[in-house]
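Here's the structure we're looking at; comments come further down.
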Amino acid sequence: MSNTVLKVAGLTVAYGGIKAVKGVDLEVNQGELIALIGANGAGKTTTLKAITGTLPACKVDGTITYLGQPLKGSQSFQLVERRLAMVPEGRGVFTRMSIRENLMMGAYTRSDKAGIEADIDKWFSVFPRLKERAAQMAGTLSGGEQQMLAMARALMCHPTLLLLDEPSMGLSPIMVEKIFEVIRKVSSEGITILLVEQNARLALQAAHRAYVMDTGLITMTGNAADMLDDPRIKAAYLGE
Ligand SMILES: Nc1ncnc2c1ncn2[C@@H]1O[C@H](COP(=O)(O)OP(=O)(O)OP(=O)(O)O)[C@@H](O)[C@H]1O
Ligand SMILES: [Mg+2]
């Protein structure tokens, strides 16, 4: 049996006349932490949105398979039922709900009340900031706090596959470290992760394998540790 969790084949996306993704192939296997890195506008977010079916009206081609089944046409609640969770760029928390309610929403497919409470406690201990503000409306949290909440909420459904779009964006250096610590830990617990990151160094240090995207195409792929040593990666993405 194949251990492929996600397979993207021949993906193209055009916004009107602009081709943002020009034929992307990528695979994420069970238990892997895969980094997708690349410059601004390379098409990374567009690729993630194509996977979750959250693109605005535009032309999409290619196939996307999740656990051997096509993803096309799935509604967002169906994705959560299939244990595919995404933390979008710019968070996407429910702004008019409290922090606790956001976490409960993340767990709506679960019925194990005690387990849900235990998970909320767990995330409150990882992010004490959220605990202090448990009853506060999520929309009034700072940007970084919303980022932490979005991550915790996505994990409340115990996803099989977690898609992360720039989880370090807008965070202070200490919080970036913390978020990466959480990403590594979640990965070590067996959750499969596709991580889009501007911070190529941190992403490559955390990932097993990586794909580099440039103007809509995958230009390089391989073992993340090898890529950290690659002179082309160093020059283009690590500022060395
Ligand atoms: N809704 C849209 N309408 C038109 N063009 C779009 C739209 N969304 C994205 N694009 C264009 O598609 C290209 C890829 O954008 P995308 O957001 O996927 O890049 P990215 O790799 O995620 O970049 P970043 O690192 O800056 O987040 C860009 O040139 C962008 O301007
Ligand atoms: Mg993006």
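For this structure, a couple of remarks:
- For the peptides 198-204, 7-13, the ranking by packing is 198-204, 7-13, with the highest mean count of neighbouring Cβ atoms within 10 Å listed first.
- Placing a label point 7 Å from the Cα of Thr63 along the Cα-to-Cβ line, the residues of the stretch 1-32 whose backbone N sits under 18 Å from it are 1-13, 23-29.
- Modelled spin-label separation between Ser125 and Glu177, with each label point placed 7 Å from Cα along the Cα-to-Cβ direction: 2.1 nm.
- Computed over the stretch 126-240, the Cα gyration tensor eigenvalues convert (square root of 5λ each) into semi-axes of 29, 15, 12 Å, ordered from largest to smallest.
- Span per principal axis, largest first, for the Cα atoms of the chain (Å): 46, 41, 39
- Taking the 1.4 Å solvent-accessible surface of the chain as the whole, the part contributed by carbon and sulfur is 54%.
- Cα gyration tensor of the stretch 6-72 - equivalent ellipsoid semi-axes, whole Å, descending: 20, 15, 9
- For the stretch 115-130 versus the stretch 149-174, the gap between their alpha-carbon centres in whole angstrom: 14 Å
- Summing Lys and Arg as +1 and Asp and Glu as -1 over all other residues whose Cβ lies under 13 Å from the Cβ of Phe180 gives a net charge of 0.
- The residues packed around Arg232, meaning those with a beta-carbon under 15 Å from its beta-carbon, carry a net charge of -3 if Lys and Arg are +1 and Asp and Glu are -1.
- Residues Arg96, Arg133, ordered by accessible area of protein heavy atoms at a 1.4 angstrom probe radius and largest first, appear as Arg96, Arg133.
- Most to least accessible of Ser172, Ser111, Ser187 (protein chains only, probe 1.4 Å): Ser111, Ser172, Ser187
- For Lys185, the lysines whose Cα falls under 27 Å of its own Cα, not counting residues fewer than eight places away in the same chain, are Lys7, Lys44, Lys49, Lys113, Lys122, Lys131, Lys234.
- About the centre of its Cα atoms, the chain shows a dipole size close to 520 debye [charges on the beta carbon of Lys, Arg (+1) and Asp, Glu (-1) only; nearest 20 debye].
- On a per residue basis, the stretch 16-151 carries 49 Å² of accessible surface, using protein heavy atoms and a 1.4 Å probe.
- Under 13 Å, Cβ to Cβ, from Gly143 - net charge with Lys/Arg +1 and Asp/Glu -1: -1
The values are calculated or read from the model by the stated rules, or taken from the named source; none is laboratory data. Not measured: the values here are computed from a predicted model. Cβ: placed from backbone, ideal geometry, glycine included. Neighbour counts: every protein chain shown. Surface accessibility is based on the protein's heavy atoms, side chains included, excluding ligands, DNA and RNA. Shrake-Rupley method; radii C 1.70, N 1.55, O 1.52, S 1.80 Å.
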